[in-house]
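Down below is the structure, laid out as structure tokens.
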Amino acid sequence: METQDNQNEQMPNLPERDELTTEQQIRRRTIKAFALFGAASLVPFGVWKWIQQQPKVNGLPKTFRTVLGGNEAIASLFLSHNHLAPTFPPEDAAKKVRVNGSDGMKGDFDPATWSLKVEQTASGEANRRFTLLLEDIKALPKVEQVIEFKCVEGWSQIQHWGGARFADFVAKYGVGTRSGHPAQSAGDWYQYVGLETPNGGYYVGLDIESALHPQTLLAYEMNGQPLTGPHGAPLRLLIPVKYGVKNLKRIGRIFFTDQRPRDFWHERGYDYFVGL
Ligand SMILES: Nc1nc2c(c(=O)[nH]1)N[C@H]1C(S)=C(S)[C@@H](COP(=O)(O)O)O[C@H]1N2
Ligand SMILES: [Mo]
């Protein structure tokens, strides 16, 4: 009837693509640009700044050059939004942080005499070996990160961490690559990183890509305070793209290798990679 006719008449005519007015085209493009901008803004600002701060080669940040150099496995992690753990405002962080697990942390331990042992092993033989102090790690750019920490036992908590990027530690001390220089090709990287407590009682193995992820930290602060003993003082690993088991507390030794390092919870039946 009449009403139906009216309704049909009110339906706007949708122009064909090439019939769009200039104004309509601009609007479409702007919407597209906003969609792209929105995706880019999912990369936390600190991570974006870090990528931008990489030394430039041929006008491109080194991280991007690495992609072009074919090192996709590693570079895709830096560039892929999907692989970044969500971050939260600091006020969301738990004030009372849960403590879980103390393997490798029993017995006497004096943080005052602690040092970090770093090693590179080509085929079982260490070709480089040195020790660092906490002040060496603190001298690296400090990053604060509020992430959701997840334990395989089924709990999670928003936590506020501070420390240095593992990737910055690697770059500064020329470890992780065979050449001792920034990687020019994927094959230059050692494939794995192993970490263990000073007494060797807890140990974790990581693929190098995960270790170099921009959210992987050598952490020495929680909620703006020095790390407490039970949370792994003086230095622990924070790797928010992995479950808690990989977040080794009280690091004593870090080593780079091509042989997959043993892993405490993998030996007890968990998946080696336990990624989120
Ligand atoms: N040295 C050491 N690190 C460890 C563990 C452990 O038993 N010993 N447990 C892991 C597990 S299962 C979890 S969930 C987290 C818990 O960290 P938190 O005690 O700081 O909450 O530490 C991880 N790192
Ligand atoms: Mo855990």
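Hey, which of the strands (runs of 3 or more DSSP E) in segment 186-276, taking only ones fully inside, have at least 2 residues that are farther than 14 Å from L116 by Cβ and within 16 Å of ligand 2 (Cβ to nearest atom)? Break it down stepwise before answering.
Working: elements: 192-196, 203-207, 217-222, 236-238, 253-257.
Once the strands (runs of 3 or more DSSP E) in segment 186-276 are filtered for at least 2 residues that are farther than 14 Å from L116 by Cβ and within 16 Å of ligand 2 (Cβ to nearest atom), what remains is 203-207.
Which residues, counting only those in segment 227-243, are buried (at least 21 other Cβ atoms within 10 Å of the Cβ) and β-branched (V, I, T)?
I239, the sole residue that qualifies.
Give me the residue from segment 89-125 that is surrounded by fewer than 13 Cβ atoms within 10 Å (Cβ to Cβ) and either part of a strand (DSSP E or B) or acidic (D, E) (or both) and, out of that set, farthest from ligand 1 (Cβ to nearest atom).
Checked segment 89-125; the qualifying residue farthest from ligand 1 (Cβ to nearest atom) is E125.
Just to be sure before I move on: is G180 surrounded by fewer than 22 Cβ atoms within 10 Å (Cβ to Cβ) and modelled with pLDDT of 95 or more in the structure I sent?
Details: surrounded by fewer than 22 Cβ atoms within 10 Å (Cβ to Cβ): yes; modelled with pLDDT of 95 or more: no.
Answer is no for this residue.
List every residue pair whose Cβ atoms sit under 7 Å apart, with the two residues 6 or more apart in sequence or on different chains, where the first one lies in segment 244-270 and is farther than 19 Å from E209 by Cα and open to solvent by less than 10 Å² (accessible area, probe 1.4 Å) and the second, anywhere, is within 14 Å of ligand 2 (Cβ to nearest atom) and not hydrophobic (A, V, I, L, M, F, W, C).
Cβ pairs passing all conditions: I251/R236.
Being in contact with a Pro (Cβ under 8 Å, 6 or more places away or on another chain) and either outside the structural domain of A139 (by TED's automatic domain parsing) or of a type outside the set (S, T, Y) (or both) is the filter here; which residues of segment 172-194 pass it?
P182, V193, G194
Say we look at segment 132-157 and pick out the residues that are of a type in the set (V, I, T) and within 16 Å of ligand 2 (Cβ to nearest atom); which of these is surrounded by the fewest Cβ atoms within 10 Å (Cβ to Cβ)?
Out of the qualifying residues, it is V152.
Of everything in segment 180-198, what is closer than 17 Å to F273 by Cβ, in contact with a Gly (Cβ under 7 Å, 6 or more places away or on another chain) and within 16 Å of ligand 1 (Cβ to nearest atom)? Give them in sequence order.
G194
Need pairs with beta-carbon distance below 6 Å; first residue polar (S, T, N, Q) and within segment 143-163, second more than 13 Å from ligand 2 (Cβ to nearest atom) and open to solvent by 40 Å² or more (accessible area, probe 1.4 Å); sequence gap 6+ or separate chains.
Here the result reads S156/E148, each pair linking segment 143-163 to a residue that is more than 13 Å from ligand 2 (Cβ to nearest atom) and open to solvent by 40 Å² or more (accessible area, probe 1.4 Å).
Mind telling me which of the residues G174, G201, G224, G163 ends up being open to solvent by less than 10 Å² (accessible area, probe 1.4 Å) and farther than 21 Å from F273 by Cβ?
Every option except G163 fails the conditions.
For segment 105-124, check the following and say yes or no: at least one residue is within 16 Å of ligand 2 (Cβ to nearest atom) and in contact (Cβ under 8 Å) with a residue 40 or more places away in the chain.
yes
The values are calculated or read from the model by the stated rules, or taken from the named source; none is laboratory data. Quick caveat, the model's predicted, so the values are computed rather than measured. Don't worry about glycine lacking a Cβ; one is built from the backbone with ideal geometry, like all the others, and counts go over all protein chains shown. The area values use the complete protein model at the heavy-atom level, side chains included, leaving out ligands, DNA and RNA. Shrake-Rupley method; radii C 1.70, N 1.55, O 1.52, S 1.80 Å.
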